[in-house]
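In what follows, a structure is listed as structure tokens, so that the remarks can point back to it.
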Amino acid sequence: MKALEITGGQELSGTIRVSGAKNACVAILPAAILSDEEVTVCNVPELTDTDALCEILNSLNVSVKRASESVIIDPSKMINVEITENYSKKLRASYYFMGALLGKYKKAVMYFPGGCSIGARPINLHLKGFEALGAKVTNDRNKYIVEADELKGANICLDFASVGATINIMLAATKAKGTTIIDNAAREPEIVNIATFLNNMGARISGAGTSTIKIQGVDSLHKCFHEIIPDRIEAGTYTIIGALCGKNLKIDNIIPEHLDSLISKLIEIGVDIEVGQDYLVVSKKDNYKATTVKTAVYPGFPTDLQQPLTVLLTQCSGKSKVIETIWENRFMHIVYLNNLGSDITIKNQTATIIGPTELKGVKVVATDLRAGAAMIAAGLIAEGTTTITNVEHILRGYEQIVEKLTSVGAKIRNKEI
Ligand code: EPU
């Protein structure tokens, strides 16, 4: 079994370069099949999630070539076959093939997607959107067949500003006849990046980044070159680590505005943080103050940073609270943080953290991707050795995390146990 072993207590300094955004990349790779020609995507992070999507592309006879940080995708010889259950359940983002295949071929056959167990994660809003565009959805247990004679633009108001549903509807509507309006659309920066990618291929999408997105259908999409934005969640994770044990730790190659909600929370707590044009420099300070954080859709505080932030709250004086509003099962890291020495209780969707507490290394589990990041953050400040299992969750979303942390002075290593 793969594990990570961390010896805590090191001061981290130097520079960490942030990779391309996982949650943009995992939609951009499936979206590339909408093109009739080769597309080049750069700043693609090397993650097991991106590898899984490349395997699915190969299974559709799409050629994928990796050259350093770029991926060249050629869908000109593609065939529309069922995406097997094995592939579908490898990751959440496999469901972006539903929108992309429906948009291109008017038919998609696949199974319920996988991903972290952080809640029930239904796909009803995606399917309702496809139906509004004229598709018929047939569902037999885990298998979904989504097909249409013709896709026609429609006005769709999402019940919730879902990231996945907004993207999937954009993908399906890109080649629909007429105009689609998505109201109450999600506004995450990844959505803007994906809309830009589609526009680079010839789509006509406006309003991405606001809650109303307009998609005027086009007949065909063509070759393009596109760059993935920096990963704001990876950047935020390292920034929190900097607040825990950094000394002038530079988080480089980022878009600071994407981290506004985190930066203002860190300043409120008392973290020493310098905001540059495309970087942050963060140092640990003494006497952090307790606070309350409520997760929300962008530009609110991201649920994906809630788990790493909880570790910092264990070091704040007083009673902090984390209110999780997006995922009903995103407190699985708490039991392991308490094993490390924190004092946290959970009631309903709120974690109450009494701090500061000293953490001591023990064996813990990465129950999901961001819980794993939280375990690493905790291990870095815990006394002694922390061993983390289920590290495959972490490798799904953090490129070269061991190498990046080692380069700034952390004692962290891969281990087989
Ligand atoms: N929801 C529904 N029905 C739907 C879709 C969503 O009820 O059809 C609900 C969900 O159950 C959840 C809420 O709406 O309660 C938000 O879901 P959303 O669709 O916005 O999330 P997602 O697209 O499945 C993406 C990221 C997540 C991130 C969320 C929220 C990807 C691949 N995943 O998920 O990232 O937490 O948006 O920002 O983009 C992560 O990176 O660790 C991660 C989990």
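The values are calculated or read from the model by the stated rules, or taken from the named source; none is laboratory data. What you see is a predicted model, and the numbers here were worked out from it, not measured in a lab. Note: ideal-geometry Cβ built from the backbone for every residue, glycine included; neighbour counts use all protein chains shown. All accessible areas refer to the heavy atoms of the entire protein, side chains included, with ligands and DNA or RNA removed. Shrake-Rupley method; radii C 1.70, N 1.55, O 1.52, S 1.80 Å.
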For a quick check of your reading of the model, give me the residue pairs whose first member lies in region 178-202 and is open to solvent by less than 10 Å² (accessible area, probe 1.4 Å) and assigned to a loop (DSSP other than H, G, I, E, B), whose second is of a type in the set (D, E, K, R) and modelled with pLDDT of 95 or more, with beta-carbon atoms closer than 8 Å and at least 6 apart or on different chains.
201/223
Tell me which residues, restricted to region 230-287, are among the polar types (S, T, N, Q) and surrounded by fewer than 20 Cβ atoms within 10 Å (Cβ to Cβ).
248, 253, 261, 264, 277, 283, 287
If we scan region 77-96, do we find a residue that is hydrophobic (A, V, I, L, M, F, W, C), assigned to a strand (DSSP E or B) and either within 13 Å of the ligand (Cβ to nearest atom) or open to solvent by less than 10 Å² (accessible area, probe 1.4 Å) (or both)?
no
Out of all the residues in region 100-116, is one or more modelled with pLDDT of 95 or more and within 13 Å of the ligand (Cβ to nearest atom)?
no
Within region 362-371, of all residues that are free of Cβ contacts under 8 Å to residues at least 60 places away in the same chain and open to solvent by 20 Å² or more (accessible area, probe 1.4 Å), the one nearest to the ligand (Cβ to nearest atom) is 365
With the condition kept exactly as written, say whether any residue in region 347-361 is buried (at least 16 other Cβ atoms within 10 Å of the Cβ) and under 15 Å from residue 5 (Cα atoms).
yes
What number of residues within region 393-416 satisfy the criterion of being touching a residue at least 40 places away in the same chain (Cβ under 8 Å), more than 16 Å from the ligand (Cβ to nearest atom) and either at negative phi or of a type in the set (Gly, Ala, Ser) (or both)?
13
Taking region 353-372, which residues are among the aliphatic types (A, V, I, L, M), assigned to a strand (DSSP E or B) and under 19 Å from residue 385 (Cα atoms)?
364, 365
If I go through region 133-164 residue by residue, how many of them are within 13 Å of the ligand (Cβ to nearest atom) and small (Gly, Ala, Ser)?
3
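Across region 1-27, what is the number of residues that are among the hydrophobic types (A, V, I, L, M, F, W, C) and out of contact with any Leu (no Cβ under 9 Å at 6 or more places or on another chain)?
Summing the residues that are among the hydrophobic types (A, V, I, L, M, F, W, C) and out of contact with any Leu (no Cβ under 9 Å at 6 or more places or on another chain) in region 1-27 gives 6.
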Just checking, does region 119-129 include any residue being assigned to a loop (DSSP other than H, G, I, E, B) and more than 8 Å from the ligand (Cβ to nearest atom)?
no
